[in-house]
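So the structure is just underneath, and the comments pick up after that.
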Amino acid sequence: MQRISVVGNSGSGKSTLARRIAAALDIPHLELDSVFHQPGWQPLETGEFRRRVTEFTAGPAWVVDGNYSKVGDIVWSRADTVLWLDPPRRRVMRQLIPRTLRRMATRAELWNGNREQWRSLLRLDPGESILLWAWTSHHTYRQRYLSAQADPANEHLDFIRLRTPDQAAALVRDVAARAARS
């Protein structure tokens, strides 16, 4: 496990797990949201997005978290492991709602000067509301990764599906212990 893609629904804990795994292995971590979301929530042009991800994944060891289909082929063609966070929808929402409210209240910068906005709580467009996005995308992500896991084109990948925080914590402990022994 040296080139790792961490995927799952918004609010499932991808970035937290990716940071912990990267730290345990002492390898670089890239959060795709931090590359894609430019100032003012403007998307990075696709060619430049692909170039940056290609450059990052050219290294011998890394962790990338995110679900962007625009770069998924690059990440997965170079990855050896997919960590799929797949908690139940209710757990995702229990994690995501307080996180989103905390970020709004503290005006925490996410990436490139972007902050979550209070007005997004009232939006009915999943593209403008992280809460609605997570709620409506849950089943889609589950189907996407079940299919990907079964796809012969992904035979080179070890899929590890994590349904609970305890499973994720156990994986981090195991990775850290193996790294300490080597």
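A few points about this structure:
- Once region 25-72 is narrowed to residues that are in a loop (DSSP other than H, G, I, E, B) and among the charged types (D, E, K, R), the residue that is surrounded by the fewest Cβ atoms within 10 Å (Cβ to Cβ) is Asp26.
- Selection of region 24-43 for residues being of a type in the set (Gly, Ala, Ser) and more than 19 Å from Val7 (Cβ to Cβ) yields only Gly40.
- Look at region 41-54: where a residue is without any contact (Cβ under 8 Å) to a residue 12 or more places away in the chain and of a type outside the set (Gly, Ala, Ser) and a partner is in a strand (DSSP E or B) and surrounded by 13 or more Cβ atoms within 10 Å (Cβ to Cβ), sitting 6+ places away or on another chain with Cβ atoms under 8 Å, you get Pro43/His37; Leu44/His37; Leu44/Gln38.
- If the condition is being at pLDDT 95 or above and either acidic (Asp, Glu) or over 21 Å from Ser15 (Cβ atoms) (or both), then region 34-49 contributes Glu45, Thr46, Gly47, Glu48.
- Of all residue pairs spaced 6 or more apart or on separate chains, those with beta-carbon atoms under 9 Å, a first member in region 13-29 that is touching a residue at least 60 places away in the same chain (Cβ under 8 Å) and more than 10 Å from Val63 (Cα to Cα) and a second member that is assigned to a helix (DSSP H, G or I) and not aliphatic (A, V, I, L, M) are Gly13/Gln95; Gly13/Pro165; Ala24/Arg173; Ala24/Arg178.
- Residue within region 169-178 that is of a type in the set (Val, Ile, Thr), outside any helix (DSSP H, G or I) and either touching a strand residue (DSSP E or B) at 6+ places or on another chain (Cβ under 6 Å) or closer than 16 Å to Val6 by Cβ (or both) present: no
The values are calculated or read from the model by the stated rules, or taken from the named source; none is laboratory data. Only a predicted model underlies this, so the values are computations on that prediction, with no experimental measurement involved. Cβ: placed from backbone, ideal geometry, glycine included. Neighbour counts: every protein chain shown.
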